[in-house]
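Just below is one structure, and these are the notes that go with it.
The values are calculated or read from the model by the stated rules, or taken from the named source; none is laboratory data. Bear in mind the structure is a predicted one, so any value in this text is a computation, not a measurement. Cβ placement follows ideal geometry from the backbone for every residue including glycine, while neighbour counts extend to all protein chains displayed. Each accessible area value is taken on the protein alone, full model and side chains, heavy atoms only, with ligands, DNA and RNA left out. Shrake-Rupley method; radii C 1.70, N 1.55, O 1.52, S 1.80 Å.
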Amino acid sequence: AALNDGLRSQVSAALKEGRVAPTELCQRCLALIKSTKFLNAYITVAEETALKQAEESEERYKRGQPLSILDGIPIAVKDNFNTAGIETTCASNMLKGYISPYNATVVQKLLDQGAVLLGKTNLDEFAMGSGSTDGVFGPVRNPWSYSKQYKEKSVPKSHSEDEESNWVITGGSSGGSAAAVSSFTCFAALGSDTGGSTRNPAAHCGVVGLKPTYGLISRHGLIPLVNSMDVPGILTRCVDDAAVLLGSLAGHDPKDSTTIQDDFKPFELPNLTDVSKLSIGIPKEYHAPGLSSEILALWSKAADLFKNAGAKVVEVSLPHTPYSIVCYHVLCTAEVASNMARFDGLEYGHRSDVKDSTESMYAATRREGFNDVVRGRILSGNYFLLKQNYEKYFVKAQKVRRLIANDFVKVFRSGVDILLTPTTLSDAAPYTEFIQEDNRTRSAQDDILTQAANMAGLPAISVPTALSERGLPVGLQFIGRSFQEKQLLTVAKWFEKQVQFPVIQLEEVKRHDSDVFQHQKSASFS
């Protein structure tokens, strides 16, 4: 079985029929992780645990009693979800060596259904960033940097420069998870999405990135960044697989009071043939400063695709969108300041050797444990929360957030079913170019098209659409109504089928491991 067959249609069937064993699948993925080590997608590879889980899965298949469609399926998890027995670092010195005593609810749910956990993926420190370049374990490299498509289009000044400085970023902060899925080292991965951290790297790495409605999936065990916006995200190679994972993860969790109370019924996505009853909204404010002409053309082309298929395509307005990035900055840093207070060197994580006083130990621990980005956000957040600033910044930002959420409510009430927008302003930037600007500037630019959905708590998905002139992936985003994931994913699946996004041709990996790659056929599982 090819490593990129569909979960629902092929891999699960191959496992049931015994055409491929869970241990074989696991070993192949582990071999690929080793051969793609240069991507730096994983922080921790749990080889022993994964093989043990695969052996247990194999026994269940032999008895004809698989736990679910995910039984024996190799997955990866972003390193800001707690995993019992496996280190959880958040790519920070503050948590180096920290092993959680419990699993995050989403991790536990996957393990309960027989999924095989390969390891923990790389990210920006504490998920603060949009490039996966600011973690303590170094930047993640985009697998497309080593693809035939990119190499044919990029002209290096010299051969040595080609290998070392021509590689592009994955986007972030879930870049490790996106790279892991894109390079075939796992079938699906978990990310987190606070302002676009799942959809942004999905667009840059040519995979599907789903941010569910706030409260649909439990946040228990996800180390928080912004409690009121964080959502566990799903990264897969096709929309159908995102639906499979969503069905496994969604629903009420007594350990997270923000989750929905109702039971969630998993669904199989129908094959949409008639889009004539659909109304697609094109928000004019998303024609944002810095949007590349290439992405604008692709966005228009996608709108025409729906129009020509019979859907109603209307321009809509979300008037408060221009204020969202400033509003997000205030709310994000305020919640970060509060959340980061727990890292004091007493209970867990890094502890400084400074022993002059408790106060100096706190200060030294946080200075040594956090990078500049995290420290900067803590300082900003505490400034906005000062008594004299609270009303002026924090309360005002909450009011603007309400206006942004109401913009979406009005548009959906007007009869629009789904919003179609770009996911990113351009394709992935070369690393050398990306690091010229500071983290705050980059995040403000890169989150502009994605974070309004987090402020409003709406479901959104990035679907790989085409390759840019540089041979790099470009994604478009669909935003749906609250808790209407089925409709959102059905439309995304129809679009995915129309655009036929090309397969990544990983020349570099073929050289490293031709045996593992000899069966690769298509980019999505199904």
May I ask you to list the GluC sites (Glu not before Pro) in the stretch 201-297 that are in a DSSP loop and have at most 11 other Cβ atoms within 10 Å of their Cβ?
E268
Trypsin sites (Lys or Arg not before Pro) within the stretch 51-108, DSSP loop, no more than 11 other Cβ atoms inside 10 Å
R63
Computed accessible area, H220, all protein chains, 1.4 angstrom probe, square angstrom:
50
Accessible area of the chain with a 1.4 Å probe: how many percent of it is carbon plus sulfur?
50
Work out, in µm²/s and without decimals, the Stokes-Einstein translational diffusion coefficient of the chain at 4 °C, 1.567 mPa s, Rh from Kirkwood over C-alpha pairs.
56
Just for the chain, what percent of DSSP beta bridges are antiparallel, to the closest 5?
65
For the stretch 358-493, state the semi-axes of the equivalent ellipsoid (square roots of 5 times the eigenvalues of the alpha-carbon gyration tensor), sorted largest first and rounded to whole angstrom.
34, 24, 13
Can you tell me, using C-alpha contacts under 8 Å and at least 6 residues apart, the relative contact order of the chain as a whole percent?
19
With every protein chain in place, what's the accessible area of S414 (1.4 Å probe, Å², nearest 10)?
90
Of D112, D240, which has the most accessible area and how do the rest follow, probe 1.4 Å?
D112, D240
With a cut-off of at most 15 other beta carbons within 10 Å, and DSSP calling the residue loop, which GluC sites (Glu not before Pro) in the stretch 341-430 qualify? Please list them.
E347
In deg cm²/dmol and to the nearest 500, what is the mean residue ellipticity at 222 nm of the chain if only DSSP H runs of at least 4 residues count, each as -39500 (n - 2.57), divided by the residue total?
-11000 deg cm²/dmol
Would you check the accessible area of D446, probe 1.4 Å, heavy atoms only, in square angstrom rounded to 10?
40
Any idea what the dipole of the chain comes to, in debye rounded to 20, about its Cα centre with Lys/Arg Cβ at +1 and Asp/Glu Cβ at -1?
1080
Taking each pair of distinct Cα atoms in the stretch 224-288 once, what is the resulting Kirkwood hydrodynamic radius in Å?
15.3
Work from the charge dipole of the stretch 350-441 (Cβ charges, +1 for Lys and Arg, -1 for Asp and Glu, about the Cα centre) and give the residue of G381, A364, S414 farthest towards its positive end.
S414
Work the Kirkwood hydrodynamic radius out for the stretch 88-245: mean of 1/r over every pair of different alpha-carbon atoms, inverted, in Å.
16.1
